[in-house]
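The values are calculated or read from the model by the stated rules, or taken from the named source; none is laboratory data. Values in this document were obtained by computation on a predicted structure and should not be read as measured data. Methodologically, a virtual Cβ is constructed for each residue, glycine included, from the backbone with ideal geometry; neighbour enumeration extends over all protein chains shown. For accessibility, only protein heavy atoms count, side chains too; no ligands or nucleic acids. Shrake-Rupley method; radii C 1.70, N 1.55, O 1.52, S 1.80 Å.
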Amino acid sequence: MMAEPVKIDIPHKLGQAAARNRLEAGFDRLTSFVPGGRVTEHVWEDNRLRFTVEALGQRVSARLDVLDQAVHAEIDLPPTLALFASRIKGALGEAGTRLLT
């Protein structure tokens, strides 16, 4: 059973197209919210980025919706990683903010 997705909004002033370009260019830095993880899937669907990170035998699925003034992220954590939800949310927020400013 999956826990409730971790949700975070990362504000920016870049506009949708520029924010998407920055996310694409800095994707490897963005996925560092899962230490030791590697990306096994990375697909853009219009302005939504779906990706999967695997680490320590666990799979983390995430979606980033690039909006005009924010990026809305939702991360599905397996139960074993749900204990670290606040740390993961903080790390993604920091990485996303650095990438989008």
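Annotations for the structure displayed:
- Cut-off under 5 Å, modelled amide H: who pairs with Leu67 long-range: His72
- Relative to the globular-protein estimate of 2.2 N^0.38 Å, the Cα radius of gyration of the stretch 39-101 stands at 1.14.
- Space enclosed by the convex hull of the alpha-carbon atoms of the stretch 9-79, per residue, Å³: 79 Å³
- Candidate residues Thr101, Thr40, Thr52: accessible-area rank, largest first, probe 1.4 Å: Thr101, Thr40, Thr52
- Cβ charges +1 (Lys, Arg) and -1 (Asp, Glu), total dipole of the chain, debye: 260 debye
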